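Throughout, read-outs are computed from the coordinates displayed, never taken from laboratory work. Nothing here was measured: the structure is a model prediction, and the numbers come from that model. Note that each Cβ is placed from the backbone with ideal geometry, even for glycine, and that neighbours are counted across all protein chains shown.
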Amino acid sequence: MNREKKQGKVYLIGVGPGDPELITIKGLRFLKRAEVVLYDHLIPMDLLKEVSRSARLIPVGKKHGAHSMSQDAINECLFHEAQRGKKVARLKGGDPYVFGRGGEEILFLKARGVDVEVVPGVSSVIAVPALAGIPLTQRHLAMTVAVASGHVTEDNDPIPVPDADTLVYVMCVSDLDKTVKQILKKRSAGTPCAVIENGAMPGERVLVGTLRNIVHKSRTAKLVAPAVFVVGDVVRLRARIFTKRA
């Protein structure tokens, strides 16, 4: 008697910006069911306590330019585990589709007939400024928001400066000086801005300044990744909005 081959499935789960309580109910449910878990460096590690004891944990993240596993290898690993009939949780910080390479992974898997489900996550682009007391929009002050990478590409393409009231840059620490230089071509040196290091995590630090002095402040404070850089008049609202979290 031939047994029907067990069908595997991959869940691309956004786990939020750093606080383990910011994962969605659906994301947590799928994580607990997973038989194999591939996780990035930036996920809240406390979430791994929710994984079944029988599940296999595979770290695949990037830290300070060092890769545990290349993107091609991650794609192949996801495919291989799904082919073995496993329920695979692919954990990503923030949201899988916001600078998370989730699109690349799902296209790779779909092209090979793998069943994939995406579980959106709370993106650091929105959550980190919010928790730091910075709303990205505010009536009569900021009605448009743009998100970009603050990291210079291998092709040395210029960092983009979209036409929006509020600018949010991720992956911004190593090339913050280059990002500010580009923004100053369109904004005045007195434009308010803030760099938020380790947002939504216990070691969070927030530096508020202007385009004139934010690079110096960041270097003096020795900020490290991960960080989010917010530019625009909404940064001024932090002084009136921010409340220390319990």
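Overview of values
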| read-out | value |
| --- | --- |
| DSSP bridge orientation in the range 9-122 - percent antiparallel, rounded to nearest 5 | 15 |
| Extended-chain gain in nm, criterion 0.36 nm per residue less alpha-carbon gap, LYS222 and LYS181 | 12.8 nm |
| Fraction of antiparallel bridges per DSSP, the chain only, in percent to nearest 5 | 45 |
| Intensity falloff of the range 125-241 expressed as log10 I(q)/I(0), Debye formula with alpha-carbon point scatterers, at q = 0.16 Å⁻¹ | -0.66 |
| Reachable lysines, given that their alpha-carbon falls under 17 Å from the alpha-carbon of LYS186 and they are not under 8 places away in the same chain | LYS178 |
| Per principal axis, descending, Cα span of the range 9-122 in whole Å | 34, 31, 22 |
| Degrees, to the nearest 10: 71-83 long Cα axis against longest axis of the chain | 30 |
| Antiparallel content of DSSP bridges confined to the range 125-241, in %, to 5 | 75 |
| Set LYS92/LYS244; LYS62/LYS86; LYS6/LYS110; LYS32/LYS92 screened for pairs whose C-alpha atoms are more than 21 Å apart | LYS92/LYS244; LYS62/LYS86 |
| Projected area, mean over directions - the range 62-198, Cα convex hull, nm² | 10.3 |
| Gap separating the Cα centres of the range 156-182 and the range 117-140, nearest whole Å | 18 |
| Radius of gyration and Dmax over the Cα atoms of the chain, both given in Å | 19.7, 76 |
| Residues of the range 107-128 with amide N under 20 Å of the 7 Å Cα→Cβ point at ILE25 | 118-123 |
| Cβ-Cβ FRET estimate between LEU57 and SER174, R0 fixed at 30 Å, reported to 0.05 | 0.55 |
